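Shown next, in structure tokens, is the structure this report addresses.
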Amino acid sequence: MKTEPPSCHCSLTAAMSIFETARAKINLCLDVTEKLPDGYHGVRGVMQSIDFSDQLEISPDLAADKRGWRVESNIRYIPSGETNLAARAALLFHSHTGAGPRSGLIKIKKRIPVCGGFGGGSSDAAAVLRALNREFAAGLGRAELERLGERLGSDVPFCVAGGTALAEGKGEKLTPLPHLDCYTVVCRPDFSCSTPELFAAIDKMKMRIRPDVPGMVKAVAEGDLQGVARRLFNVFEEALPKKQAEAIWVIKDLLIDSGALGAVMTGSGSGVFGIFPNKNAAEEGCRRLKAEGVECHLARTTRAIE
């Protein structure tokens, strides 16, 4: 990503700012495969980054006696201290590499909805790792940054580079897939879903239907957008409380009625997205949904960051 002003690794000043883009992710398909001995869950599915993004300004404080990272955001309820995932990423980077500052300010202009299943917090953390690695010449490769990200959260490894990938394990085992180029409309209902409660519900359920992950991988590899749309599926939808499930289905129906080839909830919700055949169709779909009072945004899929 481009930084302003140009970096100088030898004589950085406290006034320096590093700019980085944090891109949202969507789950084209998502399965929960098992409960692991450590209490976490195994997952399997295909993830995709999109150009619906947060913007970060990272201002390192290089004073030797300063310690601690602060976070500011246009969203008031975002944590401002070191419980924020972006601040934790900065601390982890320094402790792992010895490079970069021990303190500073991270300003996040949030566009990615909070608690929507779009990986906003994870993407912010990944953006901090990328930016500090670049600006302080730490020399960490993509695989090592992903391993660092794994210590912060299951979606962070994918968000380090994004693109299109098969995710397995806890989400950290990533297999890159060919770029899927398409337009989406992402929607945010006016409620949030509880990830722990959904995992607990899945633990008690006998799943009737599971996503066709191999079929999705094949459709992506062949650039078969219709095939991708037919295989959109998220097991978390099966575990939603009744009222939330009904609200999700209303938005999915609106997306289909507005021209989407398919629609599905992303992550553990409550965000929903639809895949459209082209930009004009997506723009028209977005206009129709907004007319129905749905919070939505036009987005395009993005390639992995090199």
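For this structure, a couple of remarks:
- Within segment 250-306, being in a strand (DSSP E or B) and free of Cβ contacts under 8 Å to residues at least 40 places away in the same chain holds for G262, A263.
- Condition check for F233: touching an Asp or Glu at 6+ places or on another chain (Cβ under 8 Å), buried (at least 21 other Cβ atoms within 10 Å of the Cβ) and either in contact (Cβ under 8 Å) with a residue 40 or more places away in the chain or not hydroxyl-bearing (S, T, Y) (or both): yes
- Some residue of segment 264-273 being modelled with pLDDT of 95 or more and over 21 Å from the mean Cα position of the chain (by Cα): no
- Residue list for segment 39-89, filter: farther than 30 Å from F273 by Cβ, surrounded by 14 or more Cβ atoms within 10 Å (Cβ to Cβ) and among the aliphatic types (A, V, I, L, M): L62
- Criterion (in contact (Cβ under 8 Å) with a residue 40 or more places away in the chain and either over 26 Å from M265 (Cα atoms) or not small (G, A, S) (or both)) met by exactly one of A99, A167, A89: A89
- Flag if P196 is under 15 Å from the mean Cα position of the chain (by Cα), farther than 27 Å from L289 by Cβ and free of Cβ contacts under 8 Å to residues at least 40 places away in the same chain: no
Okay, residues lined up against (1) closer than 30 Å to S258 by Cβ; (2) within 17 Å of the chain's Cα centre (by Cα); (3) surrounded by fewer than 23 Cβ atoms within 10 Å (Cβ to Cβ); (4) in the same structural domain as T97 (by TED's automatic domain parsing):
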position	(1), (2), (3), (4)
L132	no, no, no, yes
L140	no, no, yes, yes
G171	no, yes, no, yes
S192	yes, yes, yes, no
M207	yes, no, yes, no
D212	yes, no, yes, no
G223	yes, no, yes, no
V228	yes, no, no, no
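- Some residue of segment 148-156 being within 23 Å of E197 (Cα to Cα), in contact (Cβ under 8 Å) with a residue 40 or more places away in the chain and more than 14 Å from the chain's Cα centre (by Cα): yes
The values are calculated or read from the model by the stated rules, or taken from the named source; none is laboratory data. Model, not experiment: these values are computed from the prediction. Using ideal geometry, Cβ is built from the backbone for each residue, glycine included, and neighbour counts are taken over all protein chains shown.
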